[in-house]
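Report on one structure; see the data block that follows.
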Amino acid sequence: MKREINPQESTRAEAFSMWMSSPMPMVTLVKTFDVSRLIKVSKKSGIKFNVLMCWCMGKAAKNIREFYLLPEQGKLFQFDRLAINIVVQNVKGGTSLCDVPYSDDIEQFNADYLELTCQAANTCKSTALEDYMIIGTSALPQTELDCIVNQYSGRWNNPFLAWGKYRKGLFKTTLPISLQFHHAQMDGM
């Protein structure tokens, strides 16, 4: 459920005052992670690596209250549920977007992910979950990247997670991940 809250009565009061009128309020953090275990889980379970990446993002975000906040059009909104937005290549060669509700149950999340991304790919229609806080993602698994910084348009202030191709080493596999978010929503802590 989405509801407007008074920013001055929230833990983000000072940040909201400072950053809502900023011409560039977005913060991007980049860190390289060891994803060796995640790749092993993917191979053992048969769950796609990108599904696991999205599920891990939801799992990490679910206990951080700031992930449920969205600064939008000079207001602050609070949600009680999370979803992960996926960019899907559709059958016409373009892209469609779909929101997958986060579930602690990886099997349920995987089933929803597969069903909803397949639906978006086949219908060439984007879907949106209006009553969920959406965490955007963009995976470019064919491209080795060091960092991705998304543009700030003022239209989408949602947190955004992006990654490219993982890097296989002798003893571990790493993946640089970029997380972008609105400074009124959270800080870089």
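What follows is calculated from the coordinates using simple rules that are stated; it is not laboratory data. Since the structure is predicted, the reported quantities are computational estimates derived from the model, not experimental observations. Methodologically, a virtual Cβ is constructed for each residue, glycine included, from the backbone with ideal geometry; neighbour enumeration extends over all protein chains shown.
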- [ ] Please name which of TYR132, ASN85, TYR113 has its Cα lying farthest along the dipole of the range 48-167 towards the positive end, using unit charges on Cβ (Lys, Arg +1; Asp, Glu -1) and the Cα centre as origin.
- [x] ASN85
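Note the direction-averaged projected area, equal to a quarter of the hull surface, for the Cα convex hull of the range 1-107, in nm².
That works out to 9.6 nm².
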Task: Semi-axis lengths (Å, descending) of the ellipsoid that matches the C-alpha gyration tensor of the chain - done: 28, 20, 16
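Taking the square root of 5 times each eigenvalue of the Cα gyration tensor, what semi-axes in Å does the equivalent ellipsoid of the range 57-127 have, largest first?
25, 17, 8
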TODO: From zero up to wherever the largest Cα-Cα distance of the range 110-154 sits, split into 10 Å bins and tell me the percent of pairs in each.
DONE: 17, 41, 37, 4
Open item on the list: Please compute, for the alpha-carbon atoms of the range 16-65, the extent along each of the three principal axes and give them in descending order in Å.
Closed with: 48, 22, 14
Task: Zone of VAL27's modelled label, taken as backbone nitrogen in the range 161-189 under 18 Å from a point 7 Å along Cα→Cβ - done: 161-162, 177-189
Task: Cα convex hull volume per residue for the range 38-89 (Å³) - done: 98 Å³
Open item on the list: When 1/r is averaged over all different Cα pairs and the result inverted, which Kirkwood radius in Å belongs to the range 80-189?
Closed with: 15.4 Å
TODO: Provide the percentage of antiparallel DSSP beta bridges, counting only those with both residues in the range 72-189; round to the nearest 5.
DONE: 65 percent
Task: Gaussian network model of the chain, Cα within-10 Å springs - most flexible of GLY46, GLY74, GLY136 - done: GLY46
Open item on the list: Can you show me the helix-derived [θ] at 222 nm for the chain, built from DSSP H runs with n ≥ 4 at -39,500 (n - 2.57) apiece and divided by the number of residues, rounded to the nearest 500.
Closed with: -8000 deg cm²/dmol
Task: Distance from the range 21-91 to the range 108-164 (C-alpha centre basis), Å - done: 9 Å
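Full extension from LYS165 to ASP104: what is 0.36 nm times the residue separation minus their Cα-Cα distance, to one decimal in nm?
On the way: separation 61, 0.36 × 61 = 21.96 nm, distance 2.58 nm.
Answer, rounded to one decimal: 19.4 nm.
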TODO: For the range 110-121, just list the computed ³J(HN,Hα) in residue order, Karplus coefficients 6.51, -1.76 and 1.60, θ = phi - 60°, integers in Hz, with x standing in for Gly and Pro.
DONE: 4, 4, 5, 4, 5, 5, 6, 5, 5, 4, 5, 5
TODO: Choose one answer from SER126, SER42, SER21: the residue with the largest mean-square fluctuation in a GNM of the chain with alpha-carbon springs under 10 Å.
DONE: SER21
Task: Candidate aspartates and glutamates for bridging to LYS168, where Cα separation is under 18 Å - those fewer than 8 sequence places away on the same chain excluded - done: ASP34, GLU144, ASP146
Open item on the list: Let me check against my output: what whole-number percent is the relative contact order of the chain, with C-alpha pairs under 8 Å and at least 6 apart?
Closed with: 30 percent
- [ ] Using 0.36 nm per residue of separation minus the Cα-Cα distance, give me the extension gain between ILE5 and CYS56 in nm, one decimal.
- [x] 15.6 nm
- [ ] Provide the per-residue ³J(HN,Hα) series for the range 166-183, in order, calculated from phi with Karplus coefficients 6.51, -1.76, 1.60 and θ = phi - 60°, each as a whole number of Hz, with x at glycine and proline positions.
- [x] 6, 10, 7, x, 5, 10, 8, 10, 10, 8, x, 10, 9, 10, 10, 8, 7, 4
Open item on the list: Please list, in order along the range 87-97, the HN-Hα scalar couplings obtained from phi with the Karplus expression 6.51 cos²θ - 1.76 cosθ + 1.60 (θ = phi - 60°), rounded to whole Hz, x for Gly and Pro.
Closed with: 8, 10, 6, 9, 5, 8, x, x, 10, 10, 10
